[in-house]
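These notes concern the structure reproduced below.
Throughout, read-outs are computed from the coordinates displayed, never taken from laboratory work. Computed from a predicted model, the values in this text were never measured in an experiment. In this analysis, Cβ positions are derived from the backbone assuming ideal geometry, glycine residues included, and neighbour counts consider all displayed protein chains.
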Amino acid sequence: MSDGLDRLKNIGAQKIHEQTHIARHHVQALLHEAFEDMTKIQMQGFISILQREYSVDLSEFKAKVDEYYLLNAPEIDDGETRFFVSPTRKKKYTYVYVLIAIAVFAVAIFFTLEEINQSSEKTDNHNIDNSAIQNAQESMLKSDKLEALSKQEIEDENETIEEETKEEKIKEEEKTVESKAVDVVKSFKIMPTSELWIGYIDRSNYKKYQKTFSGELELDPKKEWLLSLGHGYVKIEIDGEIREFNERSNLRLLYKDSNISKISFTEFKELNKGQKW
């Protein structure tokens, strides 16, 4: 590492930010050599400002930057717009069928009575038209069948709801049993040996966080995390067990199901929906 970069680290990211007005997170990334968060043009511009303001020699660091961007050409990330369509619940027409049945029945009775009255007026013997009665009976029979069909649909729907409720209760009971069977205390902690810049992404919603710290950082052990570290001199505790890394360069890790694994820059982008950070 160049003497110029060591001198800038001793000055500190906050003071550099106040004096040069370079965004603090960009200063942190530059000091910890996390190049992927910036374009080559940005990085070269920041280096020029720092050399001018602090009279430091960053030629060695600049050569490292040029080599990095030569091997890792910046890519343009196309924005994606996702539309989520809420499923529409199928409408139930049960009560509509009942109302239709009642209306059909009323109309049938009306026409039946009308036919009877007309027959009475035209005949001396006041004979009742048997066909009108038969039509009324058929109409009533159709109405009864339609009403019975509607009732059957209601019963079928109630049975389906009861079955779904039973299945949900069984699943909840199984989850309760599984949770009781887990006695191990879950933990996930990052403990650097020196001040560390870290970027971490919640894979459940891809929300991003970053901070510089010493001591320890504790994350939710039940979630899945993508980690980008400014250096690899760090210890990681998972469920009480310690794993140690000793690497000078940037370190990228995947935490999933109480396991931590080292991943490449390409794998990091694939797991982060094509984003470098």
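Over segment 200-243, the ratio between the Cα radius of gyration and 2.2 N^0.38 Å evaluates to 1.20.
Going by neighbour counts of Cβ atoms within 10 Å, the residues His17, His231 line up, fewest first, as His17, His231. Is the C-alpha gyration tensor of segment 188-271 telling us rounded, prolate or oblate? Criteria: a/c under 1.5 is rounded; beyond that, a/b larger than b/c is prolate, otherwise oblate. Rounded, since a/c falls under 1.5. Segment 1-54 and segment 201-240 have Cα centres lying 24 Å from one another.
Between Tyr54 and Trp277, the C-beta separation translates, for a Förster distance of 30 Å, into a calculated FRET efficiency of about 0.70.
Which residue, chosen from His21, Ile49, Leu70, occupies the Cα position most advanced towards the positive end of the dipole of segment 3-71, where the dipole is computed from +1 (Lys, Arg) and -1 (Asp, Glu) charges on Cβ about the Cα centre? Going by the charge dipole, the pick is His21. Per-residue Cβ neighbour counts within 10 Å put Arg203, Arg24 in the sequence Arg24, Arg203, beginning with the fewest. When Met43, Met191 are arranged by Cβ crowding within 10 Å, least crowded first, meaning fewest neighbours, the order is Met191, Met43.
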